[in-house]
Amino acid sequence: MSEYSDEEQRIMAYLRDSVSRGQQYFRSKNIADALGLSSKQVGVRLPNLDEKSEEVDIEKWGRARSTTWKVTVS
């Protein structure tokens, strides 16, 4: 398994916790607000985390004002 940066670890922890409570759709802005990051920091890392992570699948789902991501447990 690949090494995660501090920001990636925080994002993964947030996603794992949220998915375990049944939430599956996320916006980068909402994740960023919860973690004190910028939406750009989150949006750039999510596709990379999809490749690195064996725990969750992250799929770019839609784009309106901001990108929506679908996250499911692998």
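The values are calculated or read from the model by the stated rules, or taken from the named source; none is laboratory data. Please read these numbers as outputs of a predicted model, since none were measured by experiment. For neighbour counting, all protein chains shown are included, and Cβ atoms are generated from backbone atoms with ideal geometry for every residue, glycine included. Accessible surface areas use protein heavy atoms only, side chains included; no ligands, DNA or RNA. Shrake-Rupley method; radii C 1.70, N 1.55, O 1.52, S 1.80 Å.
Would you mind working out the accessible area per residue for the chain, using a 1.4 Å probe, and quoting it in Å²? Let's see the in-between values first.
Values: 4640 Å² over 74 residues.
I get 63 Å² per residue for the chain.
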Open item on the list: If I model a spin label as a point 7 Å beyond the Cα along the Cα-Cβ vector, how far apart are those points for residue 51 and residue 7 in nm?
Closed with: 1.6
Task: segment 55-74 and segment 8-41: distance between their alpha carbon centers, rounded to Å - done: 11
Task: Once exposed loop GluC sites (Glu not before Pro) are cut out (DSSP; at most 10 other Cβ, 10 Å), longest piece of the chain - done: 4-53
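Using only the Cα atoms, work out Rg/Rh for the chain, with Rh taken as the Kirkwood radius, to two decimals. It would help to have the intermediate numbers written out before the result.
Working: Rg = 11.1 Å, Rh = 12.1 Å.
Rounded to two decimals, Rg/Rh equals 0.92.
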Open item on the list: Can you compute the helix-only [θ] at 222 nm over the chain? Use -39500 (n - 2.57) per DSSP H run of at least 4 residues, normalise by all residues, nearest 500 deg cm²/dmol.
Closed with: -15500 deg cm²/dmol
